Amino acid sequence: MELIITSIEDLVKVANKLLQFAGERRIMAFSGEIGAGKTTLIQQLCAKLGVKESVTSPTFALANVYTTAEYGEIYHLDLYRLKNKQEALDIGIEEYLYEDRYCFIEWPEVISDSLPDDLVHISIELLENSRRKIVFL
């Protein structure tokens, strides 16, 4: 599925469509350059899933855990600072990937060969005039 958005308000619709597209799949890998809107889309997804607390990028912490009444814990990982797969293994990445919980991963490339097969790939591309192209696979 491919969507073009023109404003941040469009992300509410994108979050709805993404959750519908994902179905039972809980692992979502977000790719796109810095500033593309990965964290902002994840904020909308978390709001839709019932997260009440502030959703921020876990760039320095590497992982944030949010709690919801309906879905329990939701994991938000930012792997930007990791240099290789071993660093991901050292922080216990597999514990996040193989539980039946939502797990949103920014910068998943460092662990691409460790990701489960049944995940959703989301690519966000910056376009002219602050538009974004968002693709779900």
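The values are calculated or read from the model by the stated rules, or taken from the named source; none is laboratory data. Keep in mind that this is a model prediction, so the values were computed, not measured. Cβ placement follows ideal geometry from the backbone for every residue including glycine, while neighbour counts extend to all protein chains displayed.
Here are some notes:
- ARG132 falls short on exactly one of the conditions (1) crowded, with 20+ Cβ neighbours inside 10 Å; (2) within 15 Å of the chain's Cα centre (by Cα); (3) not aliphatic (A, V, I, L, M), and that condition is (2).
- Look at (1) among the aliphatic types (A, V, I, L, M); (2) modelled with pLDDT under 90; (3) under 26 Å from GLU125 (Cβ atoms) and you find that LEU82 fails only one, number (2).
- Some residue of region 49-57 being farther than 26 Å from LYS85 by Cβ and part of a strand (DSSP E or B): no
- Residue match in region 100-123 (condition: of a type in the set (Phe, Trp, Tyr) and either surrounded by fewer than 18 Cβ atoms within 10 Å (Cβ to Cβ) or not in a loop (DSSP other than H, G, I, E, B) (or both)): yes
- Apart from one condition, GLY23 fits all of (1) modelled with pLDDT of 90 or more; (2) in contact with a helix residue (DSSP H, G or I) (Cβ under 7 Å, 6 or more places away or on another chain); (3) over 21 Å from SER114 (Cα atoms); (4) not acidic (Asp, Glu); the exception is (2).
- Restricting attention to region 34-66, the residues that are among the β-branched types (Val, Ile, Thr), over 20 Å from ALA22 (Cβ atoms) and surrounded by 15 or more Cβ atoms within 10 Å (Cβ to Cβ) add up to 0.
- Residue in region 36-44 that is charged (D, E, K, R), within 21 Å of ARG131 (Cα to Cα) and assigned to a loop (DSSP other than H, G, I, E, B) present: no
- Here GLU70 clears all of (1) among the charged types (D, E, K, R); (2) touching a Ser or Thr at 6+ places or on another chain (Cβ under 8 Å); (3) surrounded by fewer than 12 Cβ atoms within 10 Å (Cβ to Cβ) except the condition numbered (2).
- As for region 11-28, it holds no residue that is closer than 22 Å to LYS133 by Cβ, assigned to a loop (DSSP other than H, G, I, E, B) and among the β-branched types (Val, Ile, Thr).
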